[in-house]
Amino acid sequence: MSAKKSRVAAIAIIATLIKRKKVRRLESAKKRKCWVKEWISERDEKGLHQNLLKELQNGDEATYYNFFRMTVSDFNFLLEKVKIYITKQDTAMRPAIPPNERLALTLRFLATGDSYHSLMFLFRFPVSTVASIVPETCRALYKCLKREYLKVPNSTSEWLKIASDFESIWNFPHCIGALDGKHVVMKAPSNSGSTYFNYKGTHSVVLMVLADANYKIIYFDVGGKGRISDGGIFNACSLSYALQNEQLNVPEEQPLSGRDLKVPYVLVADDAFALKKYIMKPYPFRNQPAPNRVFNYRLSRARRVVENVFGIMANRFRVLRKPLELGPEKTIDVVSAICALHNWLMAKKESKQKYAPNGTFDKEVDGEVVPGTWRNDLTLEGNCIPIQRSTQNSTEAKDIREEFKNFFVSPDGEVSWQYNQI
């Protein structure tokens, strides 16, 4: 058979296959009784938003708050900010899902971590629709809140205000933030191999958070691959680069009160991070001399702020309490939205009273730690995994830590109860 005849035969075979495929598709369409299941098509009359939520909104605000983790006024305020990003055009086939229902679906997912199939029955949306609405609305929430509520300080006066709060509230001078990180567990991405495989044997992306003295996030980075060493994750994030290259207008080095040696303004962190000129971490191991234990105690008081931030976020937005059945990009969308919502709720006085009422965070009474209520029903370990310990230290950083230690045991720097805590 000539090459020309072979090509003609091949084309004929392909045309036959295409024709058969079209026939099967038409037969399948004829067999389908409806394009949308009847119980889904009745959403406008029997849906959650049209019935239960209206009842809660008008008569049971406490249950409404428990349903969304925010009040009616907060929901409406948020809807006004985000609806421009999530409003869709109606089509000749069907009307678009309105923005209030899209936002309600997403907030319920963040508040509970329910599966998409569970939310399908609750809201009467097809599961494929739920899967597209949630990440899209999370992206919109982050986009509309980040500029106002997740602004990184970029002036000396802003950093000095943070340092003043740490000194007055937590007795740690020259501190401009408490730093910590967690592995957020998710399902194994397709064809990713060991890229996201962490030291605990699960797949994750890393969330790094820097918090101020009042439990607000002043910087976060999410998306570091689980397999990368934790020191490598911090070194690769924009905060590390900005600090190393002095791009954030952090105040210049100054002596501590009553001292002569100039020391920099620093972040406080735990053993997971390398000791650097701008990062203070505890002295390692046990059986340290008393001054070293005093330093560790004083540092842990200030660092506890960021631990509480992780705790309250996972307590209120319980999607963080279980492995996310999402890929890396959508996991990043969800976590970013939660960080933005946390700061937004903490920034408004009335919202904060509901989101984090008195007793929510750890506090100290005469030097004794009183655990916050978020610890009563939550164990972060399981989905928010601590990052690994780092042993990297610099000589210059050790000298700075020594200066802080000497200050904490001097008359100008000690607090009366510290020796009872070591």
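List of remarks:
- Rg/Rh for the stretch 267-411, where both radii come from Cα atoms and Rh is the Kirkwood radius: 1.02
- Length-normalised contact order for the stretch 214-313 - Cα pairs under 8 Å, 6+ apart - percent: 22 percent
- Sequence-distant residues sharing a close amide H with V369 (under 5 Å, placed H): none
- For the chain, built as a Gaussian network whose Cα springs stay under 10 Å, the top-fluctuating residue of G327, G181, G258: G258
- Share of carbon and sulfur in the accessible heavy-atom surface of the chain [1.4 Å probe, %]: 50 percent
- Computed [θ] at 222 nm, helices only, for the chain once each DSSP H run of length n ≥ 4 contributes -39500 (n - 2.57): -16000 deg cm²/dmol
- Normalised alpha carbon radius of gyration of the chain [divisor 2.2 N^0.38 Å]: 1.23
- Over the stretch 232-340, the hull volume per residue, using the convex hull of the C-alpha atoms, is 163 Å³.
- For the chain, the longest principal axis of the C-alpha atoms and the axis of helix 127-149 are separated by about 40°.
- Amide H contacts of G177 (H built 1.01 Å from N, in plane; Pro and chain starts excluded): V268 sit under 5 Å, all sequence-distant by 5 or more or on other chains.
- Here the stretch 261-305 is scanned for amide nitrogen atoms under 13 Å from the site 7 Å beyond the Cα of Y419 along Cα-to-Cβ, giving 290-291, 294.
- Pairs of lysines in the stretch 325-369 whose Cα atoms sit within less than 25 Å of one another amount to 4, provided the residues are eight or more positions apart or on different chains.
- When nucleic acids and ligands are ignored and a 1.4 Å probe is applied, W374 ends up with an accessible area of around 10 Å².
- The stretch 62-104 and the stretch 146-169: distance between their alpha carbon centers, rounded to Å: 32 Å
- Rounded to the nearest 20 debye, the dipole size of the chain about its Cα centre is 3400 debye, using +1 on the Cβ of Lys and Arg and -1 on the Cβ of Asp and Glu.
- The separation of the stretch 307-348 from the stretch 189-210, counted between C-alpha centres, amounts to 17 Å.
- For G224, the residues whose modelled amide H falls within less than 5 Å of its own, excluding neighbours fewer than 5 places apart on the same chain, are V206.
- Peptides 135-142, 190-197, 318-325 ordered by average Cβ neighbours within 10 Å, highest first: 135-142, 318-325, 190-197
- Degrees separating the helix 395-408 axis from the principal Cα axis of the chain, which is the longest one: 60 degrees
- Whole-number accessible area per residue in Å² for the chain, which is evaluated in the context of all protein chains at 1.4 Å: 51 Å²
- Extending 7 Å from the Cα toward the beta-carbon at both V127 and K216 defines two label points whose distance is 4.2 nm.
- Listed peptides 74-80, 242-248 by packing density, highest first (mean Cβ within 10 Å): 74-80, 242-248
- Here the stretch 124-141 and the stretch 260-294 have alpha carbon centers that stand 44 Å from each other.
- Sorting the segments 97-103, 259-265, 338-344 by their mean number of nearby beta carbons within 10 angstrom, highest to lowest, gives 338-344, 97-103, 259-265.
- Taking Cβ atoms as reference points and 10 Å as the exclusive limit, the residues near F197 contribute a net charge of +3, counting Lys and Arg as +1 and Asp and Glu as -1.
- To the nearest ten degrees, helix 99-112 and the longest principal axis of the Cα atoms of the chain are 50 degrees apart.
- Debye log10 I(q)/I(0) at q = 0.13, 0.24 Å⁻¹ for the stretch 116-213, Cα point scatterers: -0.79, -1.16
The values are calculated or read from the model by the stated rules, or taken from the named source; none is laboratory data. Only a predicted model underlies this, so the values are computations on that prediction, with no experimental measurement involved. All Cβ positions, even for glycine, are placed from backbone atoms using ideal geometry, and neighbour counts span all protein chains on display. The area values use the complete protein model at the heavy-atom level, side chains included, leaving out ligands, DNA and RNA. Shrake-Rupley method; radii C 1.70, N 1.55, O 1.52, S 1.80 Å.
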